[in-house]
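The values are calculated or read from the model by the stated rules, or taken from the named source; none is laboratory data. All figures in this text were calculated on a predicted structure; none of them were measured in a lab. No Cβ is skipped: glycine too gets one built from the backbone with ideal geometry, and neighbour counts run over all protein chains shown. Areas reflect the complete protein model, heavy atoms only, side chains present, ligands, DNA and RNA absent. Shrake-Rupley method; radii C 1.70, N 1.55, O 1.52, S 1.80 Å.
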Amino acid sequence: MAAAHDVEALLQKLGPRLRLAREDEGPRPLKLEWPGLEAALPDGGLPRGIVELAAPGALGGATSLGLSAVRAGQARGPHAWCAWVDPEGTLHAPGVAAAGVDLGRMLVVRASRALLGKVAVKLVGSGAFEVVVVDVDVVAGARRSASPGSKGWAPELLVRKLALAAEPSGATVVLLTDSSRPRSAQWPVALRLELSRPEASALVVRVAKERRGRVGLAQTVPFLPVARLVG
């Protein structure tokens, strides 16, 4: 775990151990190896850039998809790292490991809410991580405007900063958001997935926004325990 003021020093310390898995033929979609899900996604996986997983609270499957993205990011190479901004300490290490994530190559960051936006941008801008998962609603908290002197950024501003930070390295930034919260404008994301779980064994996925306009109807895919996804 890392406090906000320690992140930059920690990145410098890890140094050469952190590097993206480059691909000569260009960026590929992040394949999640989730049965049925690839057919529901425009390119069969998550794109580089900003991906929003919008679900009703913590019950829509977004955390499970986020862990699948981390696992897929680490699978790009033996030195591929990922990061998760987890201010509330909700991640459970045994569950993360059961999802097939290498705990030794996943940086979990906890800091005060006021600094989490800046920490998230620093993590993405470092170019060291294949995937960075950020709980945007927790990061932004109740602050919805970027007024002078405010301690946090408005969500729209934070997403734009993350998008700019992700461009040089081509990292995938997964934003976990609460779909029940109203929003005045769309965010500049490469892909927005709306998720819900009408029953324990099913995950409903709808492509609500995509940078090439390939939106679609909701599709139902199996929702499996993480251990079965990697078994």
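Okay, here's what the table says:
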quantity	calculated
Unique match (being surrounded by 17 or more Cβ atoms within 10 Å (Cβ to Cβ), at pLDDT 90 or above and in contact with a Ser or Thr (Cβ under 6 Å, 6 or more places away or on another chain)) among Val174, Val124, Val131	Val131
Matching residues in the range 86-104 - criterion: being open to solvent by less than 50 Å² (accessible area, probe 1.4 Å), outside any helix (DSSP H, G or I) and either free of Cβ contacts under 8 Å to residues at least 40 places away in the same chain or among the aliphatic types (A, V, I, L, M) (or both)	Gly89, Leu91, Ala99, Val101
Options Ser196, Ser180; residue that is at pLDDT below 95, surrounded by 14 or more Cβ atoms within 10 Å (Cβ to Cβ) and polar (S, T, N, Q)	Ser196
Matching residues, the range 62-85, being surrounded by fewer than 22 Cβ atoms within 10 Å (Cβ to Cβ) and either touching a strand residue (DSSP E or B) at 6+ places or on another chain (Cβ under 6 Å) or at pLDDT 95 or above (or both)	Arg76, Ala80
Arg181, sole failed condition from (1) in a strand (DSSP E or B); (2) basic (Lys, Arg); (3) more than 15 Å from the chain's Cα centre (by Cα)	(1)
Residues located in the range 28-84, provided they are of a type in the set (D, E, K, R) and within 21 Å of Pro188 (Cβ to Cβ)	Asp43, Arg48, Glu52
